[in-house]
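What follows is calculated from the coordinates using simple rules that are stated; it is not laboratory data. Just so we're clear, the structure is a prediction, and the values are computed from it rather than from any experiment. Neighbour counts run over all protein chains shown; Cβ positions are idealised from the backbone, glycine included.
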Amino acid sequence: MRRFYCHCGQEVFFNNTHCGVCGSQLGFSVEQRQLKSLVATSETGIWTFPDDNRGKHYKVCSHREHLIACNWLIASDSPETQCESCALTRVIPPLNKEDNWRRWRNIESSKRRMIYGLLRLNLPIYPRHKGINNGLVFDFLEDQRSNPQSATPHVLNGHATGLITLNVAEADGSFREATREAMNEPYRTLLGHFRHEIGHFYWDNLIKGSSDYAAFCQQFNYSEQNYQQSLNQYYADGPPDDWREHYISAYSSAHPMEDWAETWAHYMMMIETMETAGNYELLANIEEYTDFTELMADWMSLVVKMNAINRSIGNRDAYPFVVSETVQNKIEFIHHCVTKSKNAQGFEAFQ
């Protein structure tokens, strides 16, 4: 994540709608990938940036003055009332339950941050609400475990042809921690869920039917194994004893598609964490890496420091992963796919 500053010089943060020092309104521009101070124009409800010489005008998302507190901007001439992130959400949980307001807010905040990561990687986003077949859309659902009145006994997080479903209970720390321990996961976060599921979406859009499909099959040992049978076996028997030699997480061993999604999520986490570290001068490099070996060397150096800091304050390791040579090769393959997409395109992020 970049560092952002109000025009008064105060540092502000990704989800802020106002500067805490001077009170200025703030807004995030998808096009510029920047959070900046807003200046009102002569037209009611229309804003601009004080340092923008291009004359770009914006309006705010309809969820700004709302418990969601979305700070993303919309082009002033757009017919849309929701920003690019909020408009991707199709179903939300019933809001007659107070907890669901908090859950929805936390979920949307994590979704915006995941989308920032896609913008950072310059990946195309194909919204379903714009009429794109199998385009990206989100359903946030609850089940009887968190709401006995729900008609749905069990909601699973997942992706299917562009639709990402998330159980809203994942917004509750107690639910995530209990599930993390039951599944023997190193950690479990909302942001991690979004990064994992969007990985499935980009497999459909970057790998399926592409010239990289054969390389994917070789790298991830994919021979079109039956997905449900593989998952049933994983849940019955658990991961193989030597899974750390071949996978970034135990769940990666369930099926090659889950291995791809887990590795994709890990790559997104690496890139954003390194951008943050670079902007806070914890890494010398804040530019894009062209050399993957250099990227991995800087990453492993950074995570040693992250873990040492966490241990010093009595927390578990921030980075509880083992990156074997096999896993590193998988990460490099994803880096190749992302770089190839970035170099091939000449499009806006949201198409």
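Can you tell me the dipole magnitude for segment 31-171 around its Cα centre, using point charges on the Cβ only (Lys, Arg +1; Asp, Glu -1), in Debye to the nearest 20? Could the numbers behind the result be given before it?
Numbers: 18 positive and 15 negative charges, 55 e Å.
Around 260 debye, computed over segment 31-171.
When the Cα atoms of segment 1-81 are enclosed in a convex hull and the volume is divided per residue, what value in Å³ results? Walk me through the numbers on the way to the answer.
Working: hull volume 8.2 nm³, N = 81.
Normalising the Cα hull of segment 1-81 by residue number yields 102 Å³.
Work out the length of the dipole vector of the chain about its Cα centre, built from +1 on the beta-carbon of each Lys and Arg and -1 on the beta-carbon of each Asp and Glu, and round it to the nearest 20 debye. The partial results should precede the final answer.
Values: 32 positive and 43 negative charges, 191 e Å.
Result for the chain is approximately 920 debye, rounded to the nearest 20.
So what is the calculated 222 nm ellipticity per residue for the chain, using -39500 (n - 2.57) for each DSSP H run with n of 4 or more, over all residues, to the nearest 500 deg cm²/dmol?
On the way: 8 runs with 130 residues, N = 351.
It comes out at -12500 deg cm²/dmol, rounded to the nearest 500.
Applying the Karplus parametrisation 6.51 cos²θ - 1.76 cosθ + 1.60 with θ = phi - 60° to the phi angles of segment 35-49, what ³J(HN,Hα) value in whole Hz is obtained for each residue in order, glycine and proline being reported as x?
These are the phi-based 3J(HN,Hα) values: 9, 9, 5, 10, 10, 5, 9, 6, 8, 4, x, 10, 10, 9, 8 Hz.
Just tell me which lysines come within less than 30 Å, Cα to Cα, of residue 340; anything on the same chain fewer than 8 places away is out.
Here the lysines satisfying the reach criterion relative to residue 340 are 111, 130, 208, 330.
Report relative contact order for segment 1-81 in percent, whole number only (criteria: Cα-Cα under 8 Å, sequence separation at least 6). Mind showing how you got there, number by number?
Working: 140 pairs, mean separation 17.5, N = 81.
The value is 22 percent.
Give the residue from 75, 23, 35 lying farthest towards the positive end of the charge dipole for the chain; charges sit on Cβ (+1 for Lys and Arg, -1 for Asp and Glu) and the dipole is referred to the Cα centre.
23
Return the whole-Å distance between the Cα centroid of segment 278-342 and the Cα centroid of segment 119-155.
Result: 29 Å between the Cα centres.
Which whole-Hz couplings ³J(HN,Hα) result when phi for each residue of segment 133-146 is put into the Karplus expression 6.51 cos²θ - 1.76 cosθ + 1.60, θ = phi - 60°, listed in order with x for Gly and Pro?
Taking θ as phi minus 60°, the curve returns 5, 6, x, 6, 7, 10, 10, 10, 10, 10, 10, 5, 5, 9 Hz for segment 133-146.
With +1 on each Lys and Arg Cβ and -1 on each Asp and Glu Cβ, how big is the dipole of segment 1-81 about its Cα centre, in debye rounded to the nearest 20?
In debye, rounded to 20, segment 1-81 gives about 220.
Counting other Cβ atoms within 10 Å, keep those with at most 13, restrict to DSSP loop, and tell me which trypsin sites (Lys or Arg not before Pro) in segment 42-75 are left. Please report the intermediate quantities before stating the final value.
Details: sites: 54, 56, 59, 64; in loops: 54, 56, 64.
Filter output for segment 42-75: 54.
Between residue 120 and residue 208, how many nm apart are label points set 7 Å from Cα along the C-beta direction?
Between residue 120 and residue 208, the label points sit 2.7 nm apart.
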